[in-house]
Amino acid sequence: RAGLDFELHVWGPNLEGGLEQVAEHRLEDRAFLRGRYAPEELWNVYSEIDVALMATTVCEPLGRIPLEAGAAGATTIAPAIGGLTETIREGVDGLLYEFRDAKDLERKMRRVLEEPGLVHRLMDNLRPVPDTRDRVEAVEQFYFQVLGIRSESPAAVTNLKTSISLRCSTMFPKGKTG
């Protein structure tokens, strides 16, 4: 805290007892417990931040926070676990800390506060928000390659898509999800 200029805004559930900790560390002028936000407030929340901090204690197969923060132009500090290691490029567009290691998380937070220009460099390197249509096309191309179908062959692609659609509809009749 000494000499570091920052504000910490904490959103989410289970903030009981947090005010006492804020007071104990004399952070009333810098740490703000905001509680839950309504889903329609999501982008307003992200628009207020420079760095999203993901302090999860469970393994995240993907973790939407870095994706949402990046879409709003903010970088993320997150644990190096699960899909987060594929979403965040350490030191390029975000920072990763050792899972459940409070000291390493503290080091990453200090680095953001003490290293001039780091946050802006990380923000400048954020990947563009992926377009779902591009992702679907990439997955299709991969499966076509696996099946040995050239995507330039419209008839083969149409037959494959029809076959897949028919197969799915026989597996899951209308109104049933399996």
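Readers should treat all values here as calculations from the given coordinates under stated rules, not as data from a laboratory. Bear in mind that the values here come from a model prediction, so they are computed numbers and not experimental data. Backbone-built Cβ (ideal geometry, glycine too); neighbour counts: all protein chains shown.
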In region 1-127, if every C-alpha pair distance is counted and binned at 5 Å from zero, what percent goes to each bin? 2, 10, 19, 23, 23, 15, 6, 1
Cβ-based net charge around residue 135, under 14 Å, with every Lys or Arg adding one and every Asp or Glu removing one: -3
Paramagnetic reach from residue 80 (point 7 Å along Cα→Cβ, amide N under 18 Å) across region 103-143: 103-112
Calculated FRET efficiency for the pair residue 113/residue 71, C-beta based, R₀ 25 Å, to 0.05: 0.55
